[in-house]
Amino acid sequence: MLAIRMTRHGAKKRPFFHIVVADSRSPRDGRFIEKLGTYNPLLPREHAQRITLDKERIAHWLKVGAQPSDRGAKFLSQAEMMKPRERREQTKKPQPRAKAQERLKAAATAAAAAPADGADKEAAAS
C-alpha cells in the first residue's frame, strides 16, 4: 500500500520535513518513491514556504490509491485537494470509571434536592 507521509530531516531541535509517497512498509526516513513537497514547522503559519506541495503529482498519487497520513491529510485539506477528515474521538482514560460516575450523579441529584427541600421548609414557615 502506498502512503503520502513525511520524512524528517534537519538538525537536532531544527526539524524540516519532506512530504513523500512511499510504500507503507518502508521506514519513516528510508526509501521513498517520489518527493511531493516540504514542510518547515519553524516558519510562521502565514509564510509562503512553510508548506510547499506539488499538487499535480499529489493528485496523481491519490488517483493511483495512495493514502495520506493524518498530518498529510490535514495539509491536503488545507490546500483544498481533499475533504477534511473527521476528528477522532478522544481517549476516555482520564474520565472517571462507571462507579465513580454513579457516585457523582447521586451527589448531584442529592445537591439539587437539598436546596429544594430547604425552600419548601421556608415556604411552610411563612
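For His60, the criteria (1) at pLDDT 90 or above; (2) open to solvent by 100 Å² or more (accessible area, probe 1.4 Å) hold in every case but one, which is (2).
Within region 19-37, how many residues turn out to be part of a strand (DSSP E or B) and either hydrophobic (A, V, I, L, M, F, W, C) or crowded, with 18+ Cβ neighbours inside 10 Å (or both)? Counting residues in region 19-37 that are part of a strand (DSSP E or B) and either hydrophobic (A, V, I, L, M, F, W, C) or crowded, with 18+ Cβ neighbours inside 10 Å (or both) gives 6. Set side by side, the residues Arg103, Arg97 differ, and just one is at pLDDT 85 or above and surrounded by 10 or more Cβ atoms within 10 Å (Cβ to Cβ), which is Arg103.
Within region 82-111, residues that are under 30 Å from His60 (Cβ atoms) have Cβ atoms under 6 Å from residues that are open to solvent by less than 90 Å² (accessible area, probe 1.4 Å) in these pairs: Met82/Leu76; Pro84/Ser77; Arg85/Ala73, counting only partners at least 6 apart in sequence or on another chain. You will find that of Pro68, Pro44, the residue that is at pLDDT 90 or above and either among the acidic types (Asp, Glu) or open to solvent by less than 50 Å² (accessible area, probe 1.4 Å) (or both) is Pro68 and no other.
The condition (being touching a strand residue (DSSP E or B) at 6+ places or on another chain (Cβ under 9 Å) and touching a residue at least 40 places away in the same chain (Cβ under 8 Å)) is satisfied by just one residue among Gln67, Gln78: Gln67.
The values are calculated or read from the model by the stated rules, or taken from the named source; none is laboratory data. Given the structure is predicted, the values throughout are model-derived calculations rather than measurements. Positions of Cβ are generated from backbone atoms using ideal geometry, with glycine treated the same way; all protein chains shown enter the neighbour counts. All accessible areas refer to the heavy atoms of the entire protein, side chains included, with ligands and DNA or RNA removed. Shrake-Rupley method; radii C 1.70, N 1.55, O 1.52, S 1.80 Å.
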